[in-house]
Amino acid sequence: MFEQPLCEGQLHAVVELNKTERVMTLDFHITGTVQLVCDRSLDEFDQPLDLNEQLLVRFGDEAKELDDNVMQITPDTQVLPLAQHLYDYIGLALPMKKLHPRFQNEDDDNPDAETKLIFTTRSSDDEPDDDEPADPRWAALKNLN
């Protein structure tokens, strides 16, 4: 079983609430740093974060999450559950490829870096010739044109 290591960080979240008759709009501004481990060198480094998100909260008959950024609560709800939303916003803001800052500029300077290749299925040497189909059944189909 794979367990992701816990990250540490110093973050500051400011939440602005705008309430109308039918909906509440929460604007999140999260800043700070999160300590990550580099995928290449396993060195720890601080990743700066500065993100803005918005959550819409509407009133309804039952409490449920309607969409990623839309939540429904009952009119008698006293406390808004924001912890999971904060956790998700921060987690989605972290880069998929965690590189120490000393490696981040390295790939930009080298246009032939192996990290530039995202996906390939075959090399240019493996390409079949257009004159000879790989399967004789395709040759019969080409003759129909």
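Values in this text are rule-based calculations from the coordinates and carry no lab data. Everything numeric in this text was worked out from a predicted model, so none of it was measured. Methodologically, a virtual Cβ is constructed for each residue, glycine included, from the backbone with ideal geometry; neighbour enumeration extends over all protein chains shown.
In order along segment 52-69, the Karplus-derived 3J(HN,Hα) couplings, from 6.51 cos²θ - 1.76 cosθ + 1.60 at θ = phi - 60°, round to 10, 9, 9, 10, 9, 10, 10, 9, x, 6, 9, 7, 7, 9, 8, 7, 4, 10 Hz, and Gly and Pro are given as x. Relative contact order, whole percent, for segment 1-69 stands at 28, derived from Cα pairs under 8 Å and 6 or more residues apart. For segment 11-35, backbone nitrogen atoms closer than 15 Å to the point 7 Å from Phe59 Cα along Cα-to-C-beta are found at 18-25.
One chain, two ends: Ala140 and Asp43. Fully extended at 0.36 nm per residue, the span grows by 29.0 nm beyond their Cα-Cα distance. Full extension of the chain between Asp68 and Leu86 yields a length gain of 5.3 nm, computed as 0.36 nm times the residue separation minus the alpha carbon distance.
Taking amide H atoms as placed 1.01 Å from N in the peptide plane, the amide H of Lys98 lies under 5 Å from those of Asp39, each 5 or more residues away in sequence or on another chain.
On a per residue basis, the convex hull of the C-alpha atoms belonging to segment 29-93 measures out at 95 Å³.
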